[in-house]
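The values are calculated or read from the model by the stated rules, or taken from the named source; none is laboratory data. Model, not experiment: these values are computed from the prediction. Virtual Cβ from ideal backbone geometry, glycine too; neighbours counted across all protein chains shown.
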Amino acid sequence: MKRVALLAVLLSCFMQLKAQSKTTMALQSRFEGSLSLYFYKNTLRMLNQSDNKEFDAMIKDIEKLKFLMINKTPEKFSGNEYKKLLAEYRQESYEPIMTSRYQGRNLDVYLNDKKGSSPGTVVLVNDSTSLFVLDMIGTIDVSKAGSLFSMIDGSTDIGQKIKDFADGKKKKKKEEGEDDPDHN
């Protein structure tokens, strides 16, 4: 009986991993050292320290979220790379739902709603120095995509991880003898 239960758990984990975007997984492997965090519904709820009912409503249809942050450099990730990334999502049957600007960043939302599987939503937040990917199993109201990013980015614990990740990259560059753009 224990083996059957273990097999069922493993199969459900495999099915959930399978639902994550192949493009996001490939992006993470291309940029080793990128910051990657996973959130499930219960961990997303923990971000809502102020018991904001709107936030609870926004995340109600999200089963799992992968947060990926990539520090961009022109040599590694150019504007053409971003266009190629968007094309890869389209090849994976994701449809562009919204393109916008949010707090000085470009915001693109893609949806994959195949019959017979959980819908997938990808939110890409792109600026000159970083690319943030929110790859979800589930959906959100696209008009709230920026709010979801802000909540994750503004969370004290996660915000600190992002800051530490970015500061670690700057420190590494300084140790390697590269100029730090913040200290002219």
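The numbered conditions (1) under 21 Å from residue 129 (Cβ atoms); (2) at pLDDT 90 or above are all true for residue 79 except (2).
Being at pLDDT 90 or above, surrounded by fewer than 19 Cβ atoms within 10 Å (Cβ to Cβ) and either of a type in the set (S, T, N, Q) or touching a Phe, Trp or Tyr at 6+ places or on another chain (Cβ under 7 Å) (or both) is a property that holds for residue 99.
For first residues located in the stretch 120-146 and over 14 Å from residue 36 (Cα atoms), partners that are among the aromatic types (Phe, Trp, Tyr) and assigned to a strand (DSSP E or B) and lie 6+ apart or on another chain with Cβ distances below 6 Å form the pairs 122/110; 125/132; 146/102. Of the residues that sit in the stretch 119-148 and are surrounded by fewer than 20 Cβ atoms within 10 Å (Cβ to Cβ) and either part of a strand (DSSP E or B) or hydrophobic (A, V, I, L, M, F, W, C) (or both), which one is modelled with the lowest pLDDT? Checking each candidate, the answer is 142.
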